[in-house]
Structures are given as structure tokens and as C-alpha cells.
1. Could you pull the Cα extents of segment 85-173 along its three principal axes, largest to smallest, in whole Å?
2. Find how much the distance from S171 to M228 grows on full extension, using 0.36 nm per residue of separation minus their present alpha carbon separation; answer in nm with one decimal.
3. Determine which lysines satisfy two conditions relative to K302: a Cα distance under 28 Å, and not lying fewer than 8 residues away in the same chain.
4. Using every Cα-Cα pair within segment 22-78, state what percent have a distance larger than 17 Å.
5. Give me the distance in nm between label points sitting 7 Å out from Cα along the Cα-to-Cβ direction at S137 and E196, one decimal.
6. Give, in nm to one decimal, the length gained when the segment between I273 and S242 is fully stretched (0.36 nm per residue of separation minus the Cα-Cα distance).
7. For every other residue with a beta carbon closer than 12 angstrom to the beta carbon of T163, add +1 if it is Lys or Arg and -1 if Asp or Glu, then tell me the sum.
8. Using alpha carbon centroids, what distance separates segment 108-131 and segment 147-183, in Å?
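Where a number appears in this text, it was derived from the coordinates with a stated rule and is not lab data. Since this is a predicted model, take the numbers as computed values, not measurements. A quick note on method: Cβ atoms are made from the backbone with ideal geometry, for glycine too, and the neighbour counts reach across all protein chains shown.
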Amino acid sequence: MEPYNSTLGSGFILEGILDGSGSPELLCAIVASLYMLALTSNGLLLLVITVDARLHVPMYLLLRQLSLIDLLFTSVVTPKTVVDFLLRDNNISFEGCALQLFSAMTLGGAEDLLLAFMAYDRYVAICHPLNYMIFMSPKACWLIVATSWILASLSALGHTVYTMHFPFCMSQVIRHLLCEVPPLLKLACADTSQYELMVYVTGVTFLLLPLSAIVASYSLILFTVLHMPSNEGRKKALVTCSSHLTVVGMFYGGATFMYVLPSSFHSPKQDNIISVFYTIITPALNPLIYSLRNREVIGAFKRVLGRHILPAHSTL
């Protein structure tokens, strides 16, 4: 095939999860509902943590960043998916594809690193409670947040620029929910084997190193919890940690499948399902997982609701 200049062409066609499914209208309604759930739940969690002063502690400041990332991450993908299906137009420009690729990789990388820092926060809180505000001072929290965003954006910028510099073949169909590196490389006319190896190495580094830190943190936490004299303290620690571990499992499972496993081990259809999981389902469920079993968040929500909404109704 003759390569075409994709910067001057019509861009790409995203052939996502809704195309070719048995009940695309029903699936579209489910995706739209999950997006509304993600907007509502993450928005409420952001509001509650911002407004309630009792939640202005490192754990919830990091959780607020996670909600912001999830809100932005799903907004990069879901609205376009739904609108494209309704308008029967799956086209995306070259520039739009590059922007979506950069945004998704930045937000995914930031969440990857933030989850590791959140595990460290729990380790310090449970294993070194007396030194908690020393190790997790406000300055340290903002340093953690800035580090996550900066490293993720630099990695995403490098991958975006290098991926989009390849000449692409006449087939412009991306058999994927969004513009990501693996499906884009399948359209390249040039030899991408060396770059695919680099993507694999950076994927392992960006995913498995933070995951190793999480495993190490929770191994130490488990050892400490098992030696706690108080059953109440042990139960509270396990509830808090189980929420975080559930989120870690959902995020790292999908990301590892996509970026660490060789492409020969998964098909485009499987990639589509996994991408739906970590771009649509996980952002909708994360705030529910963190809040439904957390008495402090539920209490803060009731206080904010009573302070701002109930007085407004009473004046009507």
C-alpha cells in the first residue's frame, strides 16, 4: 500500500465498541448512563472534599485528584463515542487523534502514579501514624500531585509525537474505542518493531514499578494490621485498604493487558472491551467504591447536603 500524508488527509475512523455489536442502541444507552454516573459521582466527591474542612487531610486530597483524573479521563473518550454513534460519524482528524492520544496517556499515567502514592499514604498512616504529618505534609502532597502530572505528561508527549510521526497506510480505520499507541501502530507503513519494544519497556516500567511499590506497601500494612491489638482499628484499616486495592486491581488489570502483554496475545475486540473497562466503567465505579464504605465521606456528604441544599428548600 502507498502511504498517505495523514496530516493532510481526512484523519482516521474510530471503529469502537458500538460498531458491529448485537444491540448498539442498548449499549450506547449503557455507555451514556455510565458517563452520567461518572460525572455525578466524581463531581459530588470533588465537591464534598473541597467544601468540607474535615476532609482536608492528605488521604482525601489525593482522592480528590483521583476523582479529577477519572472525570477528565472518561470525558476524553465517552462523549465522542456516544455522539459519533448518534450522528453515524466516526471520523476523527489527525490533530484530534493526537490530542486524544496525549490526553488519555497523560491521565492514565497520572492515575497510575497517583495510585502508588496513595498506597504509600496508607502505609505511612497505618505503619508510622506518629510521623504521618511529617511524611505527608501539605507540601509533600502537592509534590506528589505535581510529580504524577509532570512525569505522565512528559511520557505522553514523547509517545504522542513519536507515534504520530509514522506514515500511515491507506486504511484509516482504527479498530479501537480511542486513539491509543498499539492500534495506531498497526496502521503504520514503516517498521515499528523497535518502537513497539520501547513501548513495551516503558509500559512495564510505568506500570510494574508503581505496582511493585503498591504490593510492598500493602505487605507491610498487612503485617502491621495483623499485630494491632484493637479489633476496631484493624477493621477500619482493612476497610480503607480494601477500597484502594479494588481500584488498583481494576486499573492495573486493564492497563497491563493493553500495554504489557504482547499484541499477539489479544485481539482488537478484546482490546476494545478492556479499553471500555478502564476509560468508562472504572471512572464511574471508583468514587462509589471509595465513598460507600467510608463513614467520613458519607458524613461529609450529609453535612454538605444539609448545609447547602436543605436550607435552600426551607426558604422556598
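1. Dimensions of segment 85-173 along the principal axes of its Cα atoms: 62, 31, 18 Å.
2. Full extension of this stretch gives 14.4 nm more.
3. K235, K236
4. Numbers: 719 of 1596 pairs.
Percent of Cα pairs beyond 17 Å in segment 22-78: 45.
5. Using points 7 Å along Cα→Cβ, the separation is 4.9 nm.
6. On the way: separation 31, 0.36 × 31 = 11.16 nm, distance 2.51 nm.
Residue separation times 0.36 nm, minus the Cα-Cα distance, leaves 8.7 nm.
7. On the way: positive: K186; negative: E180, E196.
Net charge around T163: -1.
8. 29 Å
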